[in-house]
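Structure first, then comments.
The values are calculated or read from the model by the stated rules, or taken from the named source; none is laboratory data. Everything quoted here is computed from the prediction, not taken from an experiment. As a convention, Cβ positions derive from the backbone with ideal geometry for all residues, glycine included, and neighbour counts pool all protein chains shown.
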Amino acid sequence: MKAGVIGAGAWGTALAQLLAADGQAVRLWALEAEVVDAVNGSQENPLYLPGIPLSPSIAATGAMADMADCDLLLVVSPAQHLRSVVAQAPAGVPLLLCSKGIEAGTSLLMSEVAQQAQPRSPIAVLSGPTFAHEVARGLPTAITLACEDAALGQRLAERIARPAFRPYLSDDVIGAEIGGAVKNVLAIACGVAEGAGLGLNARAALISRGFAEMTRFGLARGARAETLGGLSGLGDLVLTCSSTNSRNFSLGKGLGEGQAAADLLANRRTVAEGAFTAPVLRAAALSAGVEMPVVDAVCALLADAVPLAQVIDALLARPLRPE
Ligand SMILES: NC(=O)c1ccc[n+]([C@@H]2O[C@H](COP(=O)([O-])OP(=O)(O)OC[C@H]3O[C@@H](n4cnc5c(N)ncnc54)[C@H](O)[C@@H]3O)[C@@H](O)[C@H]2O)c1
Ligand SMILES: O=P(O)(O)OC[C@H](O)CO
(Lines give C-alpha, C1' and ligand atoms only; values in the text may rest on other atoms or scores of the structure.)
(Ligands and ions follow the chains in the order given, each with its own letter.)
Protein backbone atom coordinates (compact mmCIF):
# COMPACT_ATOMS: atom_id res chain seq x y z
CA MET A 1 0.00 0.00 0.00
CA LYS A 2 1.44 3.33 -1.04
CA ALA A 3 -0.10 6.76 -0.75
CA GLY A 4 0.45 9.24 -3.55
CA VAL A 5 0.37 13.02 -3.38
CA ILE A 6 -0.41 14.97 -6.55
CA GLY A 7 1.06 18.46 -6.31
CA ALA A 8 4.31 19.40 -4.58
CA GLY A 9 3.59 22.94 -3.47
CA ALA A 10 3.80 23.77 0.22
CA TRP A 11 0.73 21.76 1.23
CA GLY A 12 1.35 18.70 -0.93
CA THR A 13 4.94 18.50 0.30
CA ALA A 14 3.83 18.92 3.93
CA LEU A 15 1.23 16.15 3.54
CA ALA A 16 3.80 13.86 1.91
CA GLN A 17 6.12 14.54 4.85
CA LEU A 18 3.30 13.86 7.35
CA LEU A 19 2.59 10.47 5.78
CA ALA A 20 6.26 9.55 5.29
CA ALA A 21 7.70 10.78 8.59
CA ASP A 22 7.54 7.26 10.08
CA GLY A 23 9.25 5.71 7.06
CA GLN A 24 6.17 4.78 5.01
CA ALA A 25 6.71 5.00 1.26
CA VAL A 26 5.00 7.99 -0.36
CA ARG A 27 4.99 8.94 -4.04
CA LEU A 28 4.93 12.70 -4.74
CA TRP A 29 4.05 14.06 -8.19
CA ALA A 30 5.57 17.47 -8.91
CA LEU A 31 5.04 19.71 -11.92
CA GLU A 32 8.54 21.19 -11.82
CA ALA A 33 11.58 19.01 -12.65
CA GLU A 34 13.68 21.04 -10.21
CA VAL A 35 11.31 20.04 -7.38
CA VAL A 36 11.57 16.35 -8.35
CA ASP A 37 15.37 16.63 -8.35
CA ALA A 38 15.55 18.47 -5.02
CA VAL A 39 13.18 16.07 -3.22
CA ASN A 40 14.95 12.95 -4.54
CA GLY A 41 18.48 14.33 -4.45
CA SER A 42 18.66 16.33 -1.24
CA GLN A 43 15.34 15.61 0.56
CA GLU A 44 14.07 19.18 0.44
CA ASN A 45 11.70 21.39 -1.50
CA PRO A 46 13.37 24.81 -1.46
CA LEU A 47 10.90 26.20 -4.01
CA TYR A 48 7.75 25.68 -1.97
CA LEU A 49 8.60 24.41 1.54
CA PRO A 50 12.06 25.76 2.35
CA GLY A 51 13.79 24.82 5.58
CA ILE A 52 11.97 21.50 6.12
CA PRO A 53 14.12 18.34 5.84
CA LEU A 54 12.03 15.68 4.09
CA SER A 55 11.87 11.94 4.69
CA PRO A 56 13.95 9.78 2.31
CA SER A 57 10.88 7.56 1.91
CA ILE A 58 9.27 10.26 -0.27
CA ALA A 59 9.93 9.44 -3.93
CA ALA A 60 9.18 12.34 -6.24
CA THR A 61 8.26 11.96 -9.88
CA GLY A 62 7.23 14.15 -12.77
CA ALA A 63 5.41 11.30 -14.53
CA MET A 64 1.77 10.77 -13.60
CA ALA A 65 2.06 7.17 -14.83
CA ASP A 66 4.27 6.49 -11.78
CA MET A 67 1.24 7.09 -9.52
CA ALA A 68 -0.36 3.87 -10.85
CA ASP A 69 0.94 1.80 -7.89
CA CYS A 70 -0.77 4.05 -5.29
CA ASP A 71 -3.94 2.91 -3.51
CA LEU A 72 -4.80 6.44 -2.30
CA LEU A 73 -4.20 9.79 -4.02
CA LEU A 74 -4.16 13.11 -2.20
CA VAL A 75 -4.86 15.85 -4.74
CA VAL A 76 -3.14 19.09 -3.76
CA SER A 77 -2.93 21.23 -6.88
CA PRO A 78 -4.24 24.80 -7.03
CA ALA A 79 -8.02 24.68 -7.45
CA GLN A 80 -7.95 26.03 -11.01
CA HIS A 81 -5.64 23.16 -12.10
CA LEU A 82 -7.44 20.36 -10.26
CA ARG A 83 -9.48 19.28 -13.28
CA SER A 84 -6.43 18.77 -15.48
CA VAL A 85 -4.33 16.90 -12.92
CA VAL A 86 -7.20 14.66 -11.81
CA ALA A 87 -7.95 13.81 -15.45
CA GLN A 88 -4.36 12.55 -15.82
CA ALA A 89 -4.43 10.52 -12.57
CA PRO A 90 -4.97 6.74 -12.52
CA ALA A 91 -8.69 5.84 -12.58
CA GLY A 92 -10.61 4.12 -9.80
CA VAL A 93 -8.29 5.09 -6.92
CA PRO A 94 -9.82 6.98 -3.95
CA LEU A 95 -9.11 10.71 -4.28
CA LEU A 96 -8.67 12.81 -1.15
CA LEU A 97 -9.08 16.41 -2.34
CA CYS A 98 -7.00 18.95 -0.42
CA SER A 99 -7.36 22.05 -2.66
CA LYS A 100 -9.55 24.96 -1.58
CA GLY A 101 -11.49 26.88 -4.18
CA ILE A 102 -14.27 27.05 -6.73
CA GLU A 103 -13.59 26.42 -10.42
CA ALA A 104 -13.79 29.51 -12.64
CA GLY A 105 -16.13 29.14 -15.60
CA THR A 106 -18.19 26.33 -14.04
CA SER A 107 -18.65 27.51 -10.40
CA LEU A 108 -18.13 23.87 -9.41
CA LEU A 109 -16.65 22.77 -6.10
CA MET A 110 -13.56 20.55 -6.22
CA SER A 111 -15.52 17.33 -5.50
CA GLU A 112 -17.84 18.14 -8.40
CA VAL A 113 -14.89 18.82 -10.72
CA ALA A 114 -13.15 15.59 -9.66
CA GLN A 115 -16.35 13.63 -10.14
CA GLN A 116 -16.53 14.88 -13.74
CA ALA A 117 -12.82 14.29 -14.41
CA GLN A 118 -12.66 10.79 -12.85
CA PRO A 119 -16.22 9.40 -12.61
CA ARG A 120 -15.05 5.99 -11.28
CA SER A 121 -12.92 7.32 -8.42
CA PRO A 122 -14.37 7.52 -4.88
CA ILE A 123 -14.01 11.06 -3.49
CA ALA A 124 -13.32 12.60 -0.09
CA VAL A 125 -12.27 16.08 1.04
CA LEU A 126 -9.61 17.17 3.54
CA SER A 127 -9.94 20.76 4.73
CA GLY A 128 -9.28 22.79 7.86
CA PRO A 129 -6.94 25.17 9.66
CA THR A 130 -3.59 23.86 8.49
CA PHE A 131 -0.56 25.99 7.69
CA ALA A 132 1.74 23.68 5.73
CA HIS A 133 4.92 24.60 7.62
CA GLU A 134 3.34 23.71 10.95
CA VAL A 135 2.08 20.31 9.76
CA ALA A 136 5.47 19.54 8.21
CA ARG A 137 7.13 20.33 11.55
CA GLY A 138 4.78 17.93 13.36
CA LEU A 139 2.90 20.61 15.31
CA PRO A 140 -0.58 19.65 16.62
CA THR A 141 -3.28 20.04 13.96
CA ALA A 142 -6.96 19.07 13.59
CA ILE A 143 -8.74 18.89 10.25
CA THR A 144 -12.09 17.85 8.71
CA LEU A 145 -12.18 14.74 6.53
CA ALA A 146 -15.50 14.72 4.67
CA CYS A 147 -16.80 11.73 2.75
CA GLU A 148 -20.33 10.65 1.86
CA ASP A 149 -19.29 6.98 2.17
CA ALA A 150 -18.89 6.57 5.95
CA ALA A 151 -16.84 3.36 5.70
CA LEU A 152 -14.37 4.90 3.22
CA GLY A 153 -14.15 8.07 5.34
CA GLN A 154 -13.29 5.97 8.41
CA ARG A 155 -10.60 4.06 6.49
CA LEU A 156 -9.06 7.28 5.15
CA ALA A 157 -9.11 8.93 8.57
CA GLU A 158 -7.27 5.96 10.09
CA ARG A 159 -4.81 6.00 7.19
CA ILE A 160 -3.77 9.65 7.54
CA ALA A 161 -4.13 10.19 11.31
CA ARG A 162 -0.88 10.68 13.16
CA PRO A 163 -0.18 11.39 16.87
CA ALA A 164 -0.26 15.17 16.24
CA PHE A 165 -2.60 15.17 13.22
CA ARG A 166 -6.27 14.50 14.00
CA PRO A 167 -8.87 14.18 11.23
CA TYR A 168 -12.49 14.68 12.33
CA LEU A 169 -15.00 12.81 10.16
CA SER A 170 -17.98 14.41 8.43
CA ASP A 171 -20.34 13.34 5.66
CA ASP A 172 -20.92 16.97 4.58
CA VAL A 173 -18.57 17.24 1.61
CA ILE A 174 -20.20 20.41 0.25
CA GLY A 175 -20.00 22.14 3.64
CA ALA A 176 -16.31 21.28 4.09
CA GLU A 177 -15.50 22.61 0.62
CA ILE A 178 -17.48 25.83 0.94
CA GLY A 179 -15.79 26.71 4.23
CA GLY A 180 -12.32 26.26 2.73
CA ALA A 181 -13.12 28.22 -0.42
CA VAL A 182 -14.94 31.16 1.18
CA LYS A 183 -12.48 31.70 4.03
CA ASN A 184 -9.73 32.52 1.53
CA VAL A 185 -11.73 35.48 0.20
CA LEU A 186 -12.53 36.69 3.73
CA ALA A 187 -8.84 36.42 4.67
CA ILE A 188 -8.07 38.91 1.91
CA ALA A 189 -10.58 41.31 3.50
CA CYS A 190 -8.93 40.90 6.93
CA GLY A 191 -5.52 41.50 5.37
CA VAL A 192 -6.85 44.72 3.84
CA ALA A 193 -7.98 45.84 7.32
CA GLU A 194 -4.48 45.10 8.64
CA GLY A 195 -2.71 46.87 5.78
CA ALA A 196 -4.94 49.92 5.98
CA GLY A 197 -4.51 50.15 9.76
CA LEU A 198 -8.24 49.76 10.47
CA GLY A 199 -7.64 48.05 13.81
CA LEU A 200 -8.56 44.79 15.50
CA ASN A 201 -12.24 45.72 16.01
CA ALA A 202 -12.57 45.90 12.23
CA ARG A 203 -10.88 42.51 11.85
CA ALA A 204 -13.25 40.89 14.37
CA ALA A 205 -16.22 42.48 12.61
CA LEU A 206 -15.03 41.14 9.24
CA ILE A 207 -14.54 37.64 10.66
CA SER A 208 -18.03 37.62 12.24
CA ARG A 209 -19.89 39.23 9.36
CA GLY A 210 -17.82 37.21 6.89
CA PHE A 211 -18.84 34.05 8.72
CA ALA A 212 -22.47 35.15 8.34
CA GLU A 213 -21.85 35.43 4.58
CA MET A 214 -20.19 32.00 4.48
CA THR A 215 -23.14 30.53 6.36
CA ARG A 216 -25.78 32.14 4.10
CA PHE A 217 -23.99 30.95 0.97
CA GLY A 218 -23.26 27.50 2.40
CA LEU A 219 -26.85 26.88 3.49
CA ALA A 220 -28.06 27.97 0.04
CA ARG A 221 -25.73 25.38 -1.52
CA GLY A 222 -26.89 22.58 0.82
CA ALA A 223 -24.11 22.73 3.44
CA ARG A 224 -24.90 22.04 7.10
CA ALA A 225 -24.52 24.82 9.65
CA GLU A 226 -22.44 22.68 12.04
CA THR A 227 -19.89 21.98 9.30
CA LEU A 228 -19.53 25.70 8.59
CA GLY A 229 -19.04 26.29 12.33
CA GLY A 230 -16.39 23.54 12.51
CA LEU A 231 -12.72 23.14 11.62
CA SER A 232 -13.17 23.50 7.85
CA GLY A 233 -15.27 26.66 8.19
CA LEU A 234 -14.93 28.88 11.23
CA GLY A 235 -11.71 27.18 12.35
CA ASP A 236 -9.93 27.87 9.07
CA LEU A 237 -11.46 31.35 8.86
CA VAL A 238 -9.98 32.31 12.22
CA LEU A 239 -6.55 30.91 11.31
CA THR A 240 -6.32 32.50 7.89
CA CYS A 241 -7.70 35.87 9.00
CA SER A 242 -5.15 36.38 11.73
CA SER A 243 -1.67 35.85 10.32
CA THR A 244 0.64 37.00 7.57
CA ASN A 245 1.61 33.31 7.29
CA SER A 246 -1.51 33.21 5.12
CA ARG A 247 -0.89 34.10 1.46
CA ASN A 248 -4.46 35.37 1.20
CA PHE A 249 -4.13 37.60 4.26
CA SER A 250 -0.78 38.89 2.97
CA LEU A 251 -2.29 39.67 -0.44
CA GLY A 252 -5.03 41.66 1.31
CA LYS A 253 -2.44 43.44 3.44
CA GLY A 254 -0.72 44.63 0.28
CA LEU A 255 -4.03 45.91 -1.08
CA GLY A 256 -4.70 47.68 2.22
CA GLU A 257 -1.30 49.35 2.00
CA GLY A 258 -2.34 50.79 -1.37
CA GLN A 259 -0.58 48.42 -3.78
CA ALA A 260 -2.41 47.53 -6.99
CA ALA A 261 -3.88 44.01 -7.20
CA ALA A 262 -2.41 43.56 -10.68
CA ASP A 263 1.09 44.18 -9.30
CA LEU A 264 0.57 41.92 -6.29
CA LEU A 265 -0.72 39.07 -8.45
CA ALA A 266 1.83 39.36 -11.26
CA ASN A 267 4.49 36.66 -11.43
CA ARG A 268 3.52 34.94 -8.16
CA ARG A 269 4.92 31.46 -7.72
CA THR A 270 2.68 30.56 -4.76
CA VAL A 271 -1.09 30.56 -4.95
CA ALA A 272 -3.49 32.93 -3.15
CA GLU A 273 -6.68 31.00 -3.91
CA GLY A 274 -8.99 33.76 -2.72
CA ALA A 275 -8.06 35.94 -5.69
CA PHE A 276 -9.44 33.27 -8.07
CA THR A 277 -12.38 32.25 -5.90
CA ALA A 278 -13.66 35.79 -5.19
CA PRO A 279 -15.21 36.63 -8.60
CA VAL A 280 -16.63 33.12 -9.05
CA LEU A 281 -18.09 33.21 -5.55
CA ARG A 282 -19.60 36.65 -6.16
CA ALA A 283 -21.30 35.44 -9.34
CA ALA A 284 -22.53 32.24 -7.67
CA ALA A 285 -23.90 34.24 -4.71
CA LEU A 286 -25.67 36.67 -7.03
CA SER A 287 -27.36 33.87 -8.94
CA ALA A 288 -28.37 32.18 -5.66
CA GLY A 289 -29.80 35.46 -4.33
CA VAL A 290 -27.32 35.50 -1.41
CA GLU A 291 -25.93 38.83 -0.19
CA MET A 292 -22.15 38.83 0.37
CA PRO A 293 -21.04 42.45 0.82
CA VAL A 294 -17.57 41.62 2.16
CA VAL A 295 -16.95 39.34 -0.81
CA ASP A 296 -18.21 42.10 -3.14
CA ALA A 297 -15.75 44.54 -1.55
CA VAL A 298 -12.84 42.13 -2.05
CA CYS A 299 -13.85 41.70 -5.71
CA ALA A 300 -13.84 45.47 -6.24
CA LEU A 301 -10.34 45.75 -4.77
CA LEU A 302 -9.00 42.77 -6.74
CA ALA A 303 -10.28 44.35 -9.95
CA ASP A 304 -8.47 47.60 -9.03
CA ALA A 305 -11.90 49.08 -9.83
CA VAL A 306 -12.70 51.25 -6.81
CA PRO A 307 -10.41 53.22 -4.47
CA LEU A 308 -9.90 51.58 -1.06
CA ALA A 309 -11.41 54.48 0.90
CA GLN A 310 -14.58 54.26 -1.18
CA VAL A 311 -14.85 50.50 -0.63
CA ILE A 312 -14.51 50.93 3.14
CA ASP A 313 -17.04 53.80 3.22
CA ALA A 314 -19.55 51.77 1.22
CA LEU A 315 -19.32 48.82 3.63
CA LEU A 316 -19.76 51.10 6.66
CA ALA A 317 -22.68 52.97 5.08
CA ARG A 318 -24.82 49.88 4.51
CA PRO A 319 -28.30 50.11 6.08
CA LEU A 320 -28.46 49.15 9.76
CA ARG A 321 -30.09 45.75 10.24
CA PRO A 322 -30.58 42.97 12.80
CA GLU A 323 -27.66 40.63 13.37
N1 LIG B 1 -0.09 26.05 1.87
C2 LIG B 1 -0.94 25.71 2.82
O3 LIG B 1 -0.68 25.91 4.01
C4 LIG B 1 -2.26 25.05 2.45
C5 LIG B 1 -2.98 24.42 3.45
C6 LIG B 1 -4.20 23.82 3.13
C7 LIG B 1 -4.66 23.83 1.83
N8 LIG B 1 -3.92 24.43 0.87
C9 LIG B 1 -4.45 24.39 -0.51
O10 LIG B 1 -3.65 23.51 -1.27
C11 LIG B 1 -3.66 23.88 -2.65
C12 LIG B 1 -2.23 23.97 -3.14
O13 LIG B 1 -1.60 25.01 -2.44
P14 LIG B 1 -0.06 24.99 -2.04
O15 LIG B 1 0.09 25.93 -0.91
O16 LIG B 1 0.41 23.59 -1.84
O17 LIG B 1 0.62 25.56 -3.36
P18 LIG B 1 1.89 26.54 -3.47
O19 LIG B 1 1.40 27.93 -3.55
O20 LIG B 1 2.88 26.23 -2.41
O21 LIG B 1 2.53 26.11 -4.86
C22 LIG B 1 1.90 26.33 -6.10
C23 LIG B 1 1.59 24.99 -6.72
O24 LIG B 1 0.93 25.19 -7.95
C25 LIG B 1 1.42 24.21 -8.86
N26 LIG B 1 1.11 24.60 -10.23
C27 LIG B 1 1.44 25.75 -10.88
N28 LIG B 1 0.99 25.68 -12.16
C29 LIG B 1 0.37 24.49 -12.30
C30 LIG B 1 -0.31 23.82 -13.37
N31 LIG B 1 -0.40 24.39 -14.56
N32 LIG B 1 -0.82 22.59 -13.14
C33 LIG B 1 -0.73 22.00 -11.95
N34 LIG B 1 -0.10 22.56 -10.89
C35 LIG B 1 0.42 23.79 -11.07
C36 LIG B 1 2.90 24.19 -8.55
O37 LIG B 1 3.51 23.06 -9.10
C38 LIG B 1 2.84 24.14 -7.03
O39 LIG B 1 2.62 22.83 -6.59
C40 LIG B 1 -4.42 25.23 -2.69
O41 LIG B 1 -5.74 25.01 -3.10
C42 LIG B 1 -4.38 25.71 -1.26
O43 LIG B 1 -5.50 26.53 -0.92
C44 LIG B 1 -2.73 25.03 1.14
O1 LIG C 1 -1.81 30.65 2.97
P2 LIG C 1 -3.26 30.50 2.68
O3 LIG C 1 -4.02 31.78 2.85
O4 LIG C 1 -3.50 29.83 1.37
O5 LIG C 1 -3.87 29.52 3.79
C6 LIG C 1 -3.34 28.24 3.93
C7 LIG C 1 -4.36 27.28 4.51
O8 LIG C 1 -5.51 27.22 3.69
C9 LIG C 1 -4.73 27.56 5.93
O10 LIG C 1 -5.60 26.57 6.40
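Yes/no per residue for (1) among the aliphatic types (A, V, I, L, M); (2) more than 16 Å from ligand 2 (Cβ to nearest atom); (3) more than 21 Å from the chain's Cα centre (by Cα):
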{"position": "GLU226", "(1), (2), (3)": "no, yes, no"}
{"position": "THR240", "(1), (2), (3)": "no, no, no"}
{"position": "LEU251", "(1), (2), (3)": "yes, no, no"}
{"position": "GLY289", "(1), (2), (3)": "no, yes, yes"}
{"position": "ASP296", "(1), (2), (3)": "no, yes, no"}
{"position": "ALA300", "(1), (2), (3)": "yes, yes, yes"}
{"position": "PRO322", "(1), (2), (3)": "no, yes, yes"}
Flagged pairs (Cβ under 7 angstrom, 6 or more apart or on separate chains; first in segment 201-215, among the polar types (S, T, N, Q); second buried (at least 19 other Cβ atoms within 10 Å of the Cβ)) are THR215/LEU228
Can you confirm whether segment 154-161 contains a residue that is under 17 Å from GLY222 (Cα atoms), assigned to a helix (DSSP H, G or I) and of a type outside the set (A, V, I, L, M, F, W, C)?
no
Restricted to segment 94-116 and to residues being buried (at least 18 other Cβ atoms within 10 Å of the Cβ) and farther than 16 Å from ILE178 by Cβ, the residue nearest to ligand 1 (Cβ to nearest atom) is LEU96
Just to be sure, is GLU273 surrounded by 20 or more Cβ atoms within 10 Å (Cβ to Cβ), farther than 23 Å from HIS81 by Cα and in contact (Cβ under 8 Å) with a residue 60 or more places away in the chain?
no
Exception for GLY179 within (1) part of a helix (DSSP H, G or I); (2) assigned by TED's automatic domain parsing to the domain that holds HIS81 falls at (2)
Expected single match for within 14 Å of ligand 2 (Cβ to nearest atom) and among the aliphatic types (A, V, I, L, M) among ILE143, ILE123 is ILE143
Residue pairs within 6 Å by beta carbon, gap of at least six or interchain, first lying in segment 64-90 and in the same structural domain as ALA275 (by TED's automatic domain parsing) and within 10 Å of ligand 1 (Cβ to nearest atom), second part of a helix (DSSP H, G or I) and not small (Gly, Ala, Ser), listed first then second, are none
The condition of being surrounded by 18 or more Cβ atoms within 10 Å (Cβ to Cβ) and in contact with a Lys or Arg (Cβ under 9 Å, 6 or more places away or on another chain) holds, among LEU18, LEU28, only for LEU18
**OP:** Could you check, for segment 49-70, whether at least one of its residues is crowded, with 20+ Cβ neighbours inside 10 Å and within 16 Å of ligand 2 (Cβ to nearest atom)?
**Re:** yes
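Residues are listed down the side, and each one gets a yes or a no for (1) in contact with a Phe, Trp or Tyr (Cβ under 9 Å, 6 or more places away or on another chain); (2) closer than 30 Å to GLY175 by Cα; (3) assigned to a loop (DSSP other than H, G, I, E, B); (4) modelled with pLDDT of 95 or more:
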residue	(1), (2), (3), (4)
ALA38	no, no, no, yes
ALA59	no, no, no, yes
ALA91	no, yes, yes, yes
SER107	no, yes, yes, yes
SER111	no, yes, no, yes
ALA124	no, yes, no, yes
Checked ALA305, ALA278, ALA300 against criteria (assigned to a helix (DSSP H, G or I) and surrounded by fewer than 22 Cβ atoms within 10 Å (Cβ to Cβ)); the one match is ALA300
Of the conditions (1) within 15 Å of ligand 1 (Cβ to nearest atom); (2) part of a helix (DSSP H, G or I), the single one that ASN245 does not satisfy is (2)
LEU31 passes all but one of the listed conditions (1) of a type outside the set (Ser, Thr, Tyr); (2) closer than 24 Å to VAL113 by Cβ; (3) touching a helix residue (DSSP H, G or I) at 6+ places or on another chain (Cβ under 7 Å); (4) in a loop (DSSP other than H, G, I, E, B); the exception is number (3)
When segment 1-28 is checked residue by residue, the ones that are part of a strand (DSSP E or B) and more than 9 Å from ligand 1 (Cβ to nearest atom) are ALA3, GLY4, VAL5, VAL26, ARG27, LEU28
Counting only residues in segment 162-201 that are surrounded by fewer than 19 Cβ atoms within 10 Å (Cβ to Cβ) and over 19 Å from the mean Cα position of the chain (by Cα), the one nearest to LEU82 (Cα to Cα) is identified as ARG162
Subset of segment 252-272, residues under 20 Å from ARG203 (Cα atoms) and either within 12 Å of ligand 1 (Cβ to nearest atom) or of a type in the set (Ser, Thr, Tyr) (or both), comes to ALA272
